[in-house]
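This report concerns only the one structure given below.
Nothing in this text is a laboratory measurement; each read-out follows from the coordinates by a stated rule. Being a predicted model, the structure only gives us computed values, none of them experimental. Don't worry about glycine lacking a Cβ; one is built from the backbone with ideal geometry, like all the others, and counts go over all protein chains shown.
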Amino acid sequence: MATRADYEPVPAVAGAFGRTHVGTVVMKFGGTSVADPERLKAVARRLVATSEKGNRVVAVLSAMGDTTDHLHDLARQISLRPAPRELDMLVSVGERISCALAAMAIHDLGREAISLTGSQAGIVTDTVHGKAKIVDVRARRIHEALDRGAIVLVAGFQGVSTTFDVTTLGRGASDLTAVALAAALDADACEIYTDVEGVYTGDPRVVVQARKLHAVSYEEMLEMAASGAKVLQLRSVELARNHGVKLHVRSAFAEADGTWVSEEDERMLEKAMISGITHTVEEAVYRVEGVATADLFQALADASVNVDTIIQIGPEIVFSAPAEDRTETCATLDRTGGTWSENSDLGKVSIVGAGMKSHPGIAARTFAALADLELEPAFISTSPIKIAFYVPREEVERAVKTLHETFDLATATAEREHA
Ligand code: ASP
Ligand code: MG
């Protein structure tokens, strides 16, 4: 005998029947967005509102304000060479505080919530303290909590190593936690809530007319993050691209849409040749002679120095590396036995745009504009979607402002709509 239901049997417990009808969303909030109890309560309200719209909500929180910096300072006051394992035990605490407090705030709003450390959330890493890489996400506990209808709060930038120690993933790596979870949970999107409204055509502190972009491709975002855009951590963009996780960078303090980061589509190529101009003064440029190229870069890699631009001019090798790797870089160069010098008076300006691939003349316009400013770049390096050059640090802002005008980035006519 056939039985007939008078309603569609939508599972009351999402996930209990395998594929779910509701979407999962990962929402990451940065340090400024959770800086004090009021802001944490606002975040809690936003999480509840998103959950109430029918989403399974996983939040990844950063430490409150400058907590991580303070914890590093505290360690330094105790020891000049703290054991990396203990440093990770210490600095991982900041994000746990945010998550526990947010869970309490959500409880007070009458909803279920649970805070989890990286380890409890199933984020398994290698054993490199301070710079660990995620090797697996075992999200069973997150799924169980979501199935119960709870909002899940995961402490950012940390995991547990394959040898069961607490590890951290590197500065700014709460973004990475969020993307890894979005990939593991097959989330609809990974939302990065921050203190700016999205990704801009230039640093708004330097270019007053800088405009918020609606959409950029993973490749563009990678170039931007690698060359000074601070809004997203570089590794997180890489991971998002590798797993096709759609990112939405937006303000924690406003409702408006921010910038979508996704796969390149035709409109991106057609509409805007240039997406943005980034700059950084946080790199040093090194010139080395008398060391075999292979030996030099192997030694730098062994010291975990993150080499950026490399240029070889005759017997001389020129490369740039982040200022934060300076101690390791200099020590490595001393050991290699060649002659070397360091120049920390240069800054780098990068022009990034997927449309560059199909529009000739960008380099010509760039260097003509610099010539008008009587600026001669010290080094130039390019990729298919980027032109970067080094000029004296005090000239960086002038170059950025001028190029923003040269390429008309303040006008919205070249704007793209997001998918
Ligand atoms: N709190 C960590 C840091 O300051 C991680 C993060 O915020 O992404 O680097
Ligand atoms: Mg950040």
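The value of relative contact order for the chain, using C-alpha pairs under 8 Å at least six residues apart, is 14 percent.
Could you work out the percent of alpha carbon pairs in the stretch 356-416 separated by over 15 Å, rounded to a whole number? Everything past 15 Å amounts to 54 percent. The stretch 206-230 and the stretch 43-121 have Cα centres spaced 27 Å apart.
Using the rule -39500 (n - 2.57) for each DSSP H run of four or more residues, divided by the residues of the chain, the 222 nm mean residue ellipticity is -10000 deg cm²/dmol. Here, the stretch 29-72 has an Rg and a Dmax of 12.0, 40 Å when only alpha carbons are counted. You can think of it this way: the chain between Ala254 and Arg138 has 38.4 nm of extra reach, that is 0.36 nm per residue less the Cα-Cα gap. The simple spin-label model puts a point 7 Å past each Cα toward its Cβ; for Ser341 and Gln298 those points are separated by 2.9 nm. List the longest stretch of the chain that has no exposed loop site; here a site is one of the chymotrypsin sites (Phe, Trp or Tyr not before Pro) assigned by DSSP to anything other than H, G, I, E or B, with at most 16 other Cβ within 10 Å. By the stated rule (loop sites, at most 16 other Cβ atoms within 10 Å), 254-419. Divide the volume of the convex hull around the Cα atoms of the chain by the residue count and you get 179 Å³ per residue. State the percent of C-alpha pairs, over all pairs in the stretch 261-419, separated by a distance greater than 20 angstrom. When all Cα pairs of the stretch 261-419 are counted, 56 percent exceed 20 Å. Extension gain, Asp36 to Arg205, is 58.4 nm, computed as 0.36 nm per intervening residue step minus the present C-alpha separation. Within the stretch 26-134, the GluC sites (Glu not before Pro) that combine a DSSP coil assignment with at most 15 other C-beta atoms in a 10 angstrom radius are Glu112.
Taking a Cβ cut-off of under 15 Å around Glu144, the surrounding Lys, Arg, Asp and Glu residues balance to a net charge of +3, with basic ones at +1 and acidic ones at -1. State the answer as a single residue: which of Ser383, Ala121, Ala180 lies farthest towards the positive end of the charge dipole of the chain, with beta carbon charges of +1 for Lys and Arg and -1 for Asp and Glu, about the Cα centre. The Cα lying farthest towards the positive end belongs to Ala121. The lysines whose alpha-carbon is closer than 27 Å to the alpha-carbon of Lys230, local same-chain residues fewer than 8 away aside, are Lys28, Lys41, Lys131, Lys133, Lys212, Lys246, Lys271, Lys348, Lys357, Lys386, Lys401. Please work out the Cα center distance from the stretch 357-402 to the stretch 144-164, rounded to the nearest Å. Each part's Cα centre sits 45 Å from the other's.
In plain terms, the bigger the Kirkwood radius, the slower the diffusion; for the stretch 113-246, with that radius from Cα pairs, at 20 °C and 1.002 mPa s, Stokes-Einstein puts D at 136 µm²/s. The Kirkwood radius of the stretch 136-196, taken over pairs of alpha-carbon atoms, gives through the Stokes-Einstein law at 4 °C and 1.567 mPa s a diffusion coefficient of 101 µm² s⁻¹. As a size descriptor, the averaged projected area of the C-alpha convex hull of the stretch 215-337 was calculated at 10.1 nm².
Applying 0.36 nm per residue to the separation of Ala83 and His359 and subtracting their alpha-carbon distance, the gain on full extension is 94.2 nm. What's the angle, to the nearest 10 degrees (0 to 90), between helix 396-406's Cα axis and the longest principal axis of the chain? Tilt relative to the chain: about 80 degrees. Phi angles across the stretch 316-333 convert, under the Karplus curve 6.51 cos²θ - 1.76 cosθ + 1.60 with θ = phi - 60°, into 3J(HN,Hα) values of 9, 10, 10, 9, 10, 8, x, 4, 5, 9, 4, 4, 5, 4, 4, 4, 5, 5 Hz, Gly and Pro given as x. Between 0 and 90 degrees, the angle of helix 174-184 with respect to the longest Cα principal axis of the chain falls at about 60 degrees.
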